[in-house]
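A short write-up of the structure that comes next.
Laboratory data are not the source of any read-out in this text; all were calculated from the coordinates shown. Keep in mind it's a predicted model, so treat the numbers as computed, not measured. No Cβ is skipped: glycine too gets one built from the backbone with ideal geometry, and neighbour counts run over all protein chains shown.
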Amino acid sequence: MVAAGTALDPVVVTHALGQYPVYVAPGALMQLEGLVARHLGSVRIAMIADASVHALLQSSRLGRGPWNGSAITFPPGEASKTRDQWARLSDALLAGAYGRDSGIVAMGGGVAGDLAGFVAATYLRGIPYVQVPTSLLAMLDASVGGKTGVDTPRGKNLIGAFHPPGAVIADPCALTTLPERDYHSGMAEAVKHGLIADAEYFAWMERETDALLGRDVAALTHLVRRSVEIKAAVVSGDEREAGRRAILNAGHTVAHALEQATEYRISHGEAVALGLIAECALAAALGVAPAGLGDRVSGLLGRLRLPVRLPAPIDSGRLVQAMASDKKNRGSAVRFALARGLGAMSEGDRWTHPASETAIRKALETIT
Ligand SMILES: NC(=O)c1ccc[n+]([C@@H]2O[C@H](COP(=O)([O-])OP(=O)(O)OC[C@H]3O[C@@H](n4cnc5c(N)ncnc54)[C@H](O)[C@@H]3O)[C@@H](O)[C@H]2O)c1
Ligand SMILES: [Zn+2]
């Protein structure tokens, strides 16, 4: 545990306008008020929180006492990531006469970060905010990179803005209350980070599966910190996805298609797990990666209780169609960010490779 008042050694993310610290420390929530005050420097502070996370916080089950400042909550879940909620939360700030000297604390999972971050990005043309991620996915992925936004009926994350936070405060102790499915889902992004950038980190996850499944705080602290370092190193060099940031999309071309085709019945992390396996098979078929890579990735994902096969068959033609309509494609061919080995991505043509429909369908057979 980190005692109150000791120095927390943050991971630093740099962006076009400056930099921000990401604190990954057990007990960081004990110092929430102090860290928020240090990094927002705002006269008035409003917390915007996922209602269930806020209830846990107020009952001290996240490992700290209640938040004494004001808080506006929204119902938990992706269904809240809408323009309607953005308007309701913005209106609540206006009704409270929050001025330009105000700041926001975004507390909860990735939904809270994206939604409250978008409120901060647009409120009075932008006010500062601090992210307090409480889900595994939010700690090791969503809270880093400065992307904020909401969904529309035409697709996820279609309306949004880049708005880097003033700081990110991640307390791995808060993960003990996270529901099982959300917990396992978050692990898929950590496996992705190992695959794209760090073979030793991947091997560490293989060795520490039991500690990770048991939510050992020391293991979780290393996990979140190493993932944040990897994501920070990638986004720091490429904030707006012009080039190398594309490697973070490993597994995601297939994952987004699976989410769409199953109408989001499988979680994002489950879809990423399956996507990583299918895309490793594709990389092998295209001669980019060695054949055994997919088996190693699939082995770790399975041990971390993620699916390695689709629960029910899905027409591969439908999946290819969903991939073709993905907003990240350039020109006509579907493109993939592919690993060339454990811990290394293929540069290809600007970090992605085109693939034919036949090759994609064949790769999808590995998960059906
Ligand atoms: N901005 C980005 O770069 C980025 C990256 C990846 C994902 N995302 C977004 O993140 C969202 C998904 O994030 P998520 O999986 O965290 O979803 P989420 O925010 O809905 O949280 C998942 C569930 O966990 C609960 N929860 C969170 N922390 C808890 C805790 N400590 N204890 C108990 N329950 C807790 C929440 O109430 C919710 O029911 C998606 O909208 C996705 O688009 C954004
Ligand atoms: Zn993802």
Of 253-261, 41-49, ordering from highest average Cβ density within 10 Å down gives 253-261, 41-49
Cleavage-rule hits (trypsin sites (Lys or Arg not before Pro)) in region 104-181: DSSP loop, at most 16 neighbouring Cβ within 10 angstrom:
Arg154
Which of Phe74, Phe336 has the fewest Cβ neighbours within 10 Å, and the rest in rising order:
Phe74, Phe336
Which FRET efficiency value, to the nearest 0.05, is calculated for Thr358 and Ala203 with the Förster distance at 45 angstrom and r the Cβ-Cβ distance?
0.85
Restricting to DSSP H runs of at least four residues, report the calculated mean residue ellipticity at 222 nm for the chain, -39500 (n - 2.57) per run over all residues, nearest 500 deg cm²/dmol.
-12500 deg cm²/dmol
Rg to Rh ratio, region 11-177, alpha-carbon atoms and Kirkwood radius?
0.93
In whole Å, how far is the Cα centre of region 52-101 from that of region 298-368?
37 Å
Kindly give the semi-axes, whole Å and largest first, of the ellipsoid equivalent to region 89-149, taking each as the square root of 5 times a Cα gyration tensor eigenvalue.
22, 10, 9
Along each of its three principal axes, how wide is the spread of alpha-carbon positions in region 103-247, in whole angstrom units, largest first?
48, 35, 30
Could you give me the radius of gyration and the Dmax of the chain, taking only the C-alpha atoms into account and expressing both in angstrom?
20.0, 60
As an exercise, identify the trypsin sites (Lys or Arg not before Pro) in region 50-99 lying in DSSP coil whose Cβ has no more than 13 other Cβ atoms within 10 Å.
Arg61
